[in-house]
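Undergrad: Shown below is the structure under consideration.
The values are calculated or read from the model by the stated rules, or taken from the named source; none is laboratory data. Only a predicted model underlies this, so the values are computations on that prediction, with no experimental measurement involved. Ideal geometry is used to build each Cβ from the backbone, glycine not excepted, and the neighbour counts take in all protein chains shown.
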Amino acid sequence: GDIVLLTKPVTLTEGDRVTLTTDVPVATDGTSKPEKLLYAVSLPPVHGQIEHINYPGVPISSYSQLDVVAQKVSDVHDNCHGAGKESLR
């Protein structure tokens, strides 16, 4: 079926950590199993990384909708001075 992805921008400043919730990325593929949906990080943050909360400091390149629902994924700014704000989209 068709895949629909809705996202809201997340803006981080120096040293911020934002846990992704279903308010940020939410997708549906028309099936009754949203927990099977996987997100791929095709363009990682320039000043930070996407992390699973069970493995802080380790960047991930994919995560599931179930991870988002369980609030297990964070966008972490690298605390780089002068980097300014960065948005995850």
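Undergrad: Would you mention how many residues in region 42-73 are assigned to a loop (DSSP other than H, G, I, E, B) and surrounded by fewer than 16 Cβ atoms within 10 Å (Cβ to Cβ)?
TA: The qualifying residues number 13.
Undergrad: While we're on this one: Can you tell me which residue in region 13-33 is modelled with the highest pLDDT, limited to those that are of a type in the set (Asp, Glu) and surrounded by fewer than 16 Cβ atoms within 10 Å (Cβ to Cβ)?
TA: Among residues in region 13-33 that are of a type in the set (Asp, Glu) and surrounded by fewer than 16 Cβ atoms within 10 Å (Cβ to Cβ), the one modelled with the highest pLDDT is 23.
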